[in-house]
1. Considering only region 12-34, how many residues are closer than 13 Å to residue 2 by Cβ, surrounded by fewer than 16 Cβ atoms within 10 Å (Cβ to Cβ) and without any contact (Cβ under 8 Å) to a residue 24 or more places away in the chain?
2. Being within 21 Å of residue 63 (Cβ to Cβ) and charged (D, E, K, R) is the filter here; which residues of region 13-51 pass it?
3. For region 45-72, name all the residues that are free of Cβ contacts under 8 Å to residues at least 24 places away in the same chain, outside any loop (DSSP other than H, G, I, E, B) and farther than 18 Å from residue 20 by Cα.
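No lab work stands behind these numbers, since they all come straight from the coordinates. Note that the structure is predicted; figures quoted are calculated from it, not measured. Glycine also receives a Cβ, built like all others from the backbone with ideal geometry; neighbour counts cover every protein chain displayed.
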Amino acid sequence: MPVVDIHLIEGYGEDARMRLSQAVTDAVRLVVPAHPDLVTVMIHEFGPGNYMRGGILRKPAPGLPDPRQTVRDFLDIPPLLQNPKVLVSYDAEVV
């Protein structure tokens, strides 16, 4: 079944690598009808001294936040709006 080989500069945490592996697995499964257990993702990490682009040594960019957590955090905001002072302030701005 599908084998995906990823080359990545060192510096991304375990959470970012796990999310990357899951996203790649999901992307493969959009095209190839394979059970998730049959999709293999291998990540090969290279030290910053061994990673160049355009003749320039590169550093890893910061990992992006998990979009699912961003949505969860957003949905946790409504309890704050239960405070009457917040509702008054919010209504005043809307008018």
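1. Number of matching residues: 6.
2. 14, 15, 17, 19, 26, 45
3. Of everything in region 45-72, those that are free of Cβ contacts under 8 Å to residues at least 24 places away in the same chain, outside any loop (DSSP other than H, G, I, E, B) and farther than 18 Å from residue 20 by Cα turn out to be 49, 50, 52, 53, 56, 57, 71, 72.
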